[in-house]
Amino acid sequence: MVNFGYELVKVCEEKNMSIWEYTLEDEAKESGLSKEAVFEKMRQNLKVMQEAAEYGMKNEVISVSGLIGGDGYKLSRYAESGNTLTGKMMMKAMARALSCSEVNASMGRIVAAPTAGSCGIMPATIITAGEELGKSDDDLVKALFTASGVGIIIAKNATMAGAEGGCQAECGSAAAMAAAAVVEMMGGTPDQALNAAAIVFKNILGLVCDPVAGLVEIPCAKRNASGTVSALTTADMVMGGVMSKIPFDETVEAMYKIGKGMPCALRETAQGGVAITETGLKMQEKVFGK
């Protein structure tokens, strides 16, 4: 796999291929498996994502701690009411993101894409976009390869760990990957896909990781819904002709430097942000006792 976004765009342009095609080809070479075998492995990931994204929309899933639960179900019902401001599609996207987060927090099966704390963004974004665009499961699998290609570059040059870079590294990376995937799904070029990823990163720089009681539940679940909205709206922005003034690679570098500059209290230690508010501390006591 190439090391930087500009290299990825250059290779794709030279070979007249999409990011998903390049990523699939590269993974087949690295793994020694056939392209068909690699594609089928990714299809299994999609299946798990679909299950996690839908389960909490049909069932009131409560986390092991009891801190979160049932919000995916609430939004799913609200989406069907016809009284929403942002429309049924966006409500279903948010419901799916919350569903994945709730399934994760209840010890269900999810795909850490790229992390468990951000597990709802890619499934919700890609599944909802595919549904709206009338895409097949094969198209969704291709989108996951696009996202993976972008994610590899982020991982190589920065971090995806909240403990190292804050939530910008988790939900930020997931939303950037998802936005790029949707752009290619909509027929956008590799350059447009990376522009979408860059815009998402610019809009989330500095987001801290401050889990209440140290659990990936509050405020994480709702940040998954927010990241999903960001990915979908940014994809549309780019397909409408808007481009990032700052290149993708530079936004990744900026994210990493900001993450390194964050105090430890704001990097998944539950020692800062909303985790140490009066209510946050009461929730921690409720879960773990004094």
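Just a few scattered comments:
- Cα centre as origin, Lys/Arg/Asp/Glu Cβ charges: segment 1-146 dipole, Debye: 440 debye
- At least 27 Å along the helix axis (C-alpha) and Kyte average at least 0.0, DSSP helices within the chain: 137-157, 220-239
- Each peptide among 144-155, 252-263, 228-239 gets the average number of other Cβ atoms lying within 10 Å of its residues, and from highest to lowest they stand as 144-155, 228-239, 252-263.
- Between segment 96-134 and segment 76-93, the alpha-carbon centres lie 17 Å apart.
- Dipole of segment 5-288, positive end: most advanced residue of Cys209, Ala275, Ala161 [Cβ charges, Cα centre]: Ala275
- Distance from the C-alpha centroid of segment 190-256 to that of segment 146-177: 9 Å, rounded to the whole angstrom.
- In the chain, the calculated helix contribution to ellipticity at 222 nm averages -21500 deg cm²/dmol per residue, counting -39,500 (n - 2.57) for every DSSP H run with n ≥ 4.
- Comparing Gly188, Phe288, Met243 along the charge dipole axis of segment 178-290, the residue lying farthest to the positive side is Phe288, per the Cβ-charge model.
- Computed over segment 171-219: relative contact order in percent, which uses C-alpha pairs under 8 Å that are six or more apart: 34 percent
- For the chain, averaging the sequence separation of C-alpha pairs within contact (under 8 Å, six or more residues apart) and dividing by the residue count gives a relative contact order of 20 percent.
- Diffusion constant of the chain at 10 °C, which comes from Stokes-Einstein with the Kirkwood Cα-pair radius and 1.306 mPa s, µm²/s: 84 µm²/s
- Dipole magnitude (debye, nearest 20) for the chain, charges at Cβ of Lys, Arg, Asp, Glu: 760 debye
- Averaging the Cα positions of each part gives two centres, and for segment 262-278 and segment 1-70 these lie 31 Å apart.
Since every read-out is calculated from the coordinates, none of them should be taken as a lab result. Quantities reported herein were computed from a predicted structural model and do not represent experimental measurements. Please note: Cβ atoms are built from the backbone with ideal geometry, for glycine as well, and neighbour counts cover all protein chains shown.
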